[in-house]
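Worksheet for the structure shown next.
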Amino acid sequence: MVIAFFILCAVVAVAVYLAATGGSRRETLPGESRLANRTVLLVVVITFAFGLVVPVLVLVKNGESQASTAVGVHLSSKEVKGRELFVAACAICHTLKATNSVGRVGPILDKIVPEVAGSSFKARKALVLSTILEGRALGLGNMPKRLYEGPQAEAVAEFVAAVAGHK
Ligand code: HEC
């Protein structure tokens, strides 16, 4: 689809060029042909550029929208960052469908987050954030505290709050 658009633009550009240069064999007034040639060149360049820029924009946008969804949930850029951080430090111990992680040391987050904090984003975020900052030793094992702090802890908490329990 994107490539077809590029080819179409290239064909139009070549057609414009051929049509214009074909016509230039006729007698022209001095000065006229140079202006005409410049105009043709401009049209050809613009058409080519359009054929390149549009597909690149489409590809970039597709890439972005894929990066910003997980288990059908649209992620903010902060949550996308949180996903990276989660994969780096939490996935090894926790199962979470949104990252396809299967860690078994700690509880399954898709279950425990809704169980403990319900469906409110605020309550879920608060639970995950306090767990990260304080650690946990409630009887299911030990979770180390402060794997992340500050904005990084916030980003992970928002990501987990947004996706836990979604399929
Ligand atoms: C070394 C393994 C390990 C790592 C790494 C780890 N956790 Fe945990 N996590 C645990 C264990 C074990 C528990 C259960 C603790 C308990 O029963 O008190 C737990 C519990 C939790 C809970 C439930 C808390 C509650 O009150 O029920 C959440 C939420 C959580 N972890 C999120 C995270 C996040 C987010 C990260 C990454 C920053 C992370 N964990 C990293 C082992 C880990």
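The values are calculated or read from the model by the stated rules, or taken from the named source; none is laboratory data. Please read these numbers as outputs of a predicted model, since none were measured by experiment. Methodologically, a virtual Cβ is constructed for each residue, glycine included, from the backbone with ideal geometry; neighbour enumeration extends over all protein chains shown. For the accessible areas, the whole protein counts, side chains as well, though only heavy atoms, and no ligand, DNA or RNA atoms are used. Shrake-Rupley method; radii C 1.70, N 1.55, O 1.52, S 1.80 Å.
Some points to look at:
- Checking every residue in the stretch 105-112 against the condition of being more than 6 Å from the ligand (Cβ to nearest atom) and free of Cβ contacts under 8 Å to residues at least 24 places away in the same chain gives at least one match.
- Only a single item in (1) near the ligand (Cβ under 10 Å from one of its atoms); (2) assigned to a helix (DSSP H, G or I); (3) open to solvent by less than 40 Å² (accessible area, probe 1.4 Å) is not met by GLU158, and it is number (1).
- Qualifying residue in the stretch 81-92 (condition: open to solvent by less than 40 Å² (accessible area, probe 1.4 Å), acidic (Asp, Glu) and within 16 Å of the ligand (Cβ to nearest atom)): no
- Every residue from the stretch 119-155 that is under 21 Å from SER76 (Cβ atoms), more than 6 Å from the ligand (Cβ to nearest atom) and not in a helix (DSSP H, G or I): SER119, SER120, GLU149
- Residue pairs meeting the criteria (Cβ under 6 Å; at least 6 apart or on separate chains; first in a helix (DSSP H, G or I), in the stretch 75-102; second open to solvent by 50 Å² or more (accessible area, probe 1.4 Å) and near the ligand (Cβ under 8 Å from one of its atoms)): ALA89/LEU147
- Check on SER65, within 13 Å of GLU158 (Cβ to Cβ) and either hydroxyl-bearing (Ser, Thr, Tyr) or modelled with pLDDT of 95 or more (or both): no
- Residue pairs whose Cβ atoms lie under 8 Å apart, sitting 6 or more positions apart in sequence or on different chains, and linking a residue in the stretch 134-146 that is over 14 Å from ARG104 (Cβ atoms) to a partner that is more than 8 Å from the ligand (Cβ to nearest atom) and of a type in the set (Lys, Arg), are GLU134/LYS145; GLY135/LYS145; GLY135/ARG146.
- A single entry from LEU129, LEU147, LEU59 fulfils the requirement of being open to solvent by 20 Å² or more (accessible area, probe 1.4 Å) and under 30 Å from ALA4 (Cβ atoms): LEU59.
- Selection of the stretch 19-56 for residues being open to solvent by 50 Å² or more (accessible area, probe 1.4 Å), modelled with pLDDT under 70 and in a helix (DSSP H, G or I) yields only GLU32.
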